[in-house]
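Chemist: Encoded as structure tokens, here's the structure I'll be asking about.
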Amino acid sequence: KDSSQKKMKEMEARIQELEAALGRKQIQVDYFEKMIELAKTELDIDIKKNYSTPQSTGSGKTKKK
């Protein structure tokens, strides 16, 4: 019984740690979204990628073996 109570307390502590980490990450996400919005409105820089554009393959130069 003591073992299960100890395990339960450890799990509850871990949940609290994870919830705190999640809260910090959400604050970061909100901050970055605001910075992207400000870059667009204040500096006329569109940081968000256009998803319909194919990904770059680099400079086009490749080494031939």
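Chemist: Can you give me the distance in nm between label points at Met8 and Asp30, each placed 7 Å from the Cα along the Cα-to-Cβ direction?
Modeler: Placing both labels 7 Å beyond Cα along the Cβ direction yields 3.4 nm.
Chemist: Shifting gears a bit: What is the calculated FRET efficiency for Asp46 to Glu17, with r their C-beta to C-beta distance and R₀ = 35 Å, to the nearest 0.05?
Modeler: The formula returns an efficiency of 0.40 here.
Chemist: Rolling a 1.4 angstrom probe over the protein chains, ignoring ligands and nucleic acids, what is the accessible area of Glu19 in square angstrom, nearest 10?
Modeler: Answer for Glu19: close to 120 Å² accessible.
The values are calculated or read from the model by the stated rules, or taken from the named source; none is laboratory data. As the structure is a prediction and not an experimental result, all values here were calculated from the model. Counting neighbours? That spans all protein chains shown, and the Cβs are built from the backbone with ideal geometry, glycine included. Ligands, DNA and RNA are excluded from the accessible area calculation, which covers all protein heavy atoms including side chains. Shrake-Rupley method; radii C 1.70, N 1.55, O 1.52, S 1.80 Å.
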